[in-house]
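The values are calculated or read from the model by the stated rules, or taken from the named source; none is laboratory data. None of these values were measured; they are calculated from a predicted model. Ideal geometry is used to build each Cβ from the backbone, glycine not excepted, and the neighbour counts take in all protein chains shown. To get the accessible areas, we keep the full protein, side chains included, count just its heavy atoms, and leave off ligands, DNA and RNA. Shrake-Rupley method; radii C 1.70, N 1.55, O 1.52, S 1.80 Å.
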Amino acid sequence: MNKNIAILGTQWGDEGKGKIVDCLTKDAAYVVRCQGGHNAGHTLVVNGEKIILHLIPSGLLHENVIGVIANGVVISPSALIEEIKMLEKHKIFIKNRLYISNSAPLILKYHIKMDIAREKKLGFHAIGTTGRGIGPAYEDKIARRALRVSDLKDEKRLSERLEKIVDYYNHQLVSFYKQKPVDYKKILKDLLPSIDLIQDMIQDTTHILHTAIKDNKKIVFEGAQGSFLDIDHGTYPYVTSSNTTIGGICSGTGVGPKHLHCIIGITKAYSTRVGNGPFPTELFNNIDEHFSKKGNEFGSTTGRKRRTGWLDAVSLCRAVKLNSVSSLCVTKLDVLDGLKEIKICTSYKDVSTSEKILTVNTINHWKNIKPIYETYPGWNKKTLGIKTFENLPCEAKNYLKRIESITKVPVDIISTGPERSDIIFLNNF
Ligand code: GDP
Ligand code: IMO
Ligand code: MG
């Protein structure tokens, strides 16, 4: 039996999910985006050529693979078209092998305006969103007023519903946020060309996936964002608006948990976060500079500098539980090359009570939390591009083994560089 794979971020996103999805999709039939939208930025580097995907599943660089953007994703038609065209420039043609769920909610211009206006109004307390309209689009879905992909099939109905929704948004944009209104006719006019382009891709993707399961076709489910950006389990309110943990894959596709055979949690060998919110192991010193430069830690979607810190094993253990992680994949091991010593946060201390904290939960009073570290020797050798475990420096092996012993999950994949080929597999997926 083929084993389906779910790939999820265990931190605050940007763990290197895209690269791993690309590697693991080589032998798959389908690759599926399940939640989030074009707030994601998944980077692939193949033969020195870099491609960043926001909405299109990362495995589609393999030409025999079929891509699915499932019902849990919020879809901006213009972002989708732009990305299809970008891929065509790279001679990657996907129009005939990409399906879009008919029940996925749409992101339209008013969502983006609202996202940006809200952030502006929040000022110092802003979430630091990607400004892609993600939050407002998911609000529409939950409020049962969203326009969905299926609405693109009936222009008259689309026009009527759009007029009403735009009216609702303009009331808030103008009266409360003091912004200019949007024009529903202009939105409709801009939308029409993209409807023609994506019309044939619109499908019942849940049915497609269940047919694939029946036919024993291998499926890779591609998570976006990371566990601590999850709307329920993350560092609320500094989170995204979808379930980035395992449940998001099931509700976001209509595929139940018994079909997820391997759940791979991706963690960087250190931590990063882009946007605002709690980050217990954050660094502001020369180590931050090291991670930033050597790891090129700038957002793939917005170009913002990512905040950096040591690996936080307290939150990693929580992510393992939240997602039923069966394998870990440690990425960016090479970024630790040259560091004299390396730290892992194994507990927190509440400085107001001196209490030792061994678990993270979403209502921790983050302000008072200080990380407690274990320190290990670093290595002065290059791991960049190493392809076998045996060839890693013994300090690097010990570091990986410590991650296994703390989390009680095997490290089955190690990524040693941005290229597709910079990878070590210790398990045959
Ligand atoms: P994603 O959102 O989880 O897919 O991750 P991003 O693509 O936003 O960010 C990960 C960044 O690290 C990208 O620039 C990747 O090319 C890069 N990357 C992935 N794996 C490795 C690795 O093992 N080593 C190094 N140096 N870079 C990596
Ligand atoms: P990938 O899939 C890192 C962050 C934003 C912000 C918060 C809310 O590439 O790992 P949103 O626009 O979603 O309402 O922003 O979530 N964020 C990400 N951070 N990687 C991502 O995706 C992210 N997607 C959203 O920076 O803090
Ligand atoms: Mg990213």
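Return the residue satisfying two criteria in turn: it lies in segment 1-40 and is among the hydroxyl-bearing types (Ser, Thr, Tyr) and farther than 12 Å from ALA224 by Cα, and of such residues it is farthest from ligand 1 (Cβ to nearest atom). Going through the qualifying residues, I end up with TYR30.
The lone criterion from (1) buried (at least 24 other Cβ atoms within 10 Å of the Cβ); (2) modelled with pLDDT under 95 left unmet by TYR236 is number (1). Scanning for something open to solvent by less than 10 Å² (accessible area, probe 1.4 Å), assigned to a helix (DSSP H, G or I) and over 24 Å from THR235 (Cα atoms), does segment 129-145 turn up at least one residue? No, segment 129-145 has no match at all. Across segment 110-127, the qualifying residues are those that are of a type outside the set (D, E, K, R) and open to solvent by 20 Å² or more (accessible area, probe 1.4 Å), and the one among them that is nearest to LEU55 (Cα to Cα) is ILE112. Restricted to segment 157-177, and to residues that are modelled with pLDDT of 95 or more and either of a type in the set (Lys, Arg) or not in a helix (DSSP H, G or I) (or both), which residue is least open to solvent (accessible area, probe 1.4 Å)? Step by step, filter segment 157-177, then rank; the result is TYR177.
In this structure, HIS38 qualifies as at pLDDT 95 or above and within 14 Å of ligand 3 (Cβ to nearest atom).
Quick test for you: out of PHE228, PHE279, PHE284, PHE291, pick the one residue that is open to solvent by 40 Å² or more (accessible area, probe 1.4 Å), of a type in the set (A, V, I, L, M, F, W, C) and either closer than 29 Å to ASP350 by Cβ or outside the structural domain of VAL65 (by TED's automatic domain parsing) (or both). Steps first, answer last, please.
Working: PHE228 fails: open to solvent by 40 Å² or more (accessible area, probe 1.4 Å); PHE279 fails: open to solvent by 40 Å² or more (accessible area, probe 1.4 Å); PHE291 fails: open to solvent by 40 Å² or more (accessible area, probe 1.4 Å).
Every option except PHE284 fails the conditions.
GLU289 meets the conditions (1) out of contact with any strand residue (DSSP E or B) (no Cβ under 6 Å at 6 or more places or on another chain); (2) under 27 Å from LEU339 (Cα atoms); (3) touching a residue at least 24 places away in the same chain (Cβ under 8 Å) in every case but one. The failed one is (3). Considering only residues in segment 1-25 that are more than 10 Å from the chain's Cα centre (by Cα) and among the aliphatic types (A, V, I, L, M), the one that is surrounded by the fewest Cβ atoms within 10 Å (Cβ to Cβ) turns out to be MET1. Scanning segment 290-323 for residues that are of a type in the set (Ser, Thr, Tyr) and either more than 14 Å from ligand 3 (Cβ to nearest atom) or out of contact with any Gly (no Cβ under 7 Å at 6 or more places or on another chain) (or both) yields SER292, THR302, THR308, SER315.
Would you mention how many residues in segment 129-147 are touching a helix residue (DSSP H, G or I) at 6+ places or on another chain (Cβ under 8 Å) and at negative phi?
First, pick out the residues of segment 129-147 that are touching a helix residue (DSSP H, G or I) at 6+ places or on another chain (Cβ under 8 Å): 129, 131-137, 140, 145-147.
With at negative phi added as a condition, the list becomes 129, 132, 134-137, 140, 145-147.
The total comes to 10.
Quick one: which residue in VAL46, VAL65 is more than 16 Å from ligand 3 (Cβ to nearest atom) and in contact with a Gly (Cβ under 8 Å, 6 or more places away or on another chain)?
Details: VAL46 fails: in contact with a Gly (Cβ under 8 Å, 6 or more places away or on another chain).
Within the list VAL46, VAL65, the selection yields VAL65.
Of the strands (runs of 3 or more DSSP E) that lie entirely inside segment 299-380, those containing 2 or more residues that are open to solvent by less than 20 Å² (accessible area, probe 1.4 Å) span 307-309, 327-331, 341-350.
When each of THR211, THR206 is tested for being of a type in the set (Ser, Thr, Tyr), open to solvent by 10 Å² or more (accessible area, probe 1.4 Å) and without any contact (Cβ under 8 Å) to a residue 60 or more places away in the chain, the lone residue that passes is THR211. A Cβ distance below 6 Å, combined with a sequence gap of six or more or placement on separate chains, defines the contacts here; from segment 145-156, residues that are farther than 19 Å from TYR169 by Cβ reach residues that are buried (at least 20 other Cβ atoms within 10 Å of the Cβ) in the pairs VAL149/ILE100; VAL149/ALA104. Listed by first and then second residue, the pairs with beta-carbon distance under 7 Å, at least 6 apart or on different chains, first residue in segment 221-243 and farther than 18 Å from THR129 by Cβ, second among the charged types (D, E, K, R) and open to solvent by less than 20 Å² (accessible area, probe 1.4 Å), are GLU222/LYS17; GLU222/ARG33; GLY223/LYS17.
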